[in-house]
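S.K.: Before anything else, here's the structure in question.
The values are calculated or read from the model by the stated rules, or taken from the named source; none is laboratory data. Here the structure is a predicted model, which is why all the values come from computation and not from measurement. Here the Cβ positions follow ideal geometry from the backbone for every residue, glycine too, while neighbour counts run over all protein chains shown.
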Amino acid sequence: MSIEKITYIGPYIKISSKIYDQEYTRIVCPNKCKDTYYSDQNFCSKCGSELKLQSYMRKIDEVSELIIRDEFVDELVFVKENTLIANHRIGFNENRDLSNINIDQIDEEIKWFHYRYQNIISALRRISNFLEIFWGVVEYYN
Ligand SMILES: [Zn+2]
């Protein structure tokens with residue numbers, strides 16, 4: 001496995017997710033046997049002890065969870081913390097000439113980005129503390 005440095009130039013999203021703790025419960029054996037227990041099971045299948053419910057906290061990051069869901073995984077990609085770029089395969093022409101890019105082209109690409117991802121952007125806005133669209137250079141490792 002090799003690590004490749006990738007440079008993306010174009011519109012991207014800076015986002016900060018609302019992260020919160022949510023309480024969950026799981027069934028455990030008081031003797032800490034490692035086994036899978038079913039919700040209708042009363043006794044540990046390994047040691048016979050009475051099973052107990054244990055609550056635990058889990059951090060919920062709604063933005064990450066939304067992106068990971070199938071409908072969005074091919075659209076935008078988390079390349080590093082808080083940064084989402086357009087998926088290369090369906091994004092704009094990556095081989096476009098950037099040597100003399102002007103403000104109109106940048107404006108056009110930002111408009112395209114807003115239009116192309118309008119559904120996901122509005123879904124993300126609802127579950128983020130901060131969301132802004134920029135145009136620039138994003139370097140990341142693959
Ligand atoms: Zn047990």
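S.K.: Taking the residues in segment 25-37 that are in contact (Cβ under 8 Å) with a residue 12 or more places away in the chain and of a type in the set (Val, Ile, Thr) as candidates, determine which candidate is farthest from the ligand (Cβ to nearest atom).
M.R.: Checking each candidate, the answer is 25.
S.K.: Report yes if residue 67 is in a helix (DSSP H, G or I) and either in contact (Cβ under 8 Å) with a residue 60 or more places away in the chain or in the same structural domain as residue 123 (by TED's automatic domain parsing) (or both), otherwise no. Step through it out loud before you land on a result.
M.R.: Numbers: in a helix (DSSP H, G or I): yes; either in contact (Cβ under 8 Å) with a residue 60 or more places away in the chain or in the same structural domain as residue 123 (by TED's automatic domain parsing) (or both): yes.
So residue 67 passes the test.
S.K.: Moving on. Working only within segment 22-41, note down all residues that are among the polar types (S, T, N, Q) and under 30 Å from residue 60 (Cβ atoms).
M.R.: 22, 25, 36, 39, 41
S.K.: Still on this structure: Select from segment 82-105 the residues that are closer than 26 Å to residue 63 by Cα, modelled with pLDDT of 80 or more and either assigned to a loop (DSSP other than H, G, I, E, B) or not hydroxyl-bearing (Ser, Thr, Tyr) (or both) and list them in ascending order.
M.R.: 82, 84, 85, 86
S.K.: Of the numbered conditions (1) without any contact (Cβ under 8 Å) to a residue 40 or more places away in the chain; (2) touching a Phe, Trp or Tyr at 6+ places or on another chain (Cβ under 8 Å), residue 79 satisfies every one except a single condition; which is it?
M.R.: (1)
S.K.: A further question on this structure: Take segment 38-61 and flag every residue that is more than 11 Å from the ligand (Cβ to nearest atom), among the acidic types (Asp, Glu) and either closer than 16 Å to residue 119 by Cβ or part of a strand (DSSP E or B) (or both).
M.R.: Once the filter is applied, which keeps residues that are more than 11 Å from the ligand (Cβ to nearest atom), among the acidic types (Asp, Glu) and either closer than 16 Å to residue 119 by Cβ or part of a strand (DSSP E or B) (or both), segment 38-61 yields only 61.
S.K.: It is to be established whether one or more residues within segment 3-24 are part of a loop (DSSP other than H, G, I, E, B), exposed (fewer than 10 other Cβ atoms within 10 Å of the Cβ) and more than 16 Å from the ligand (Cβ to nearest atom).
M.R.: Checked against the condition, which is being part of a loop (DSSP other than H, G, I, E, B), exposed (fewer than 10 other Cβ atoms within 10 Å of the Cβ) and more than 16 Å from the ligand (Cβ to nearest atom), segment 3-24 yields at least one hit.
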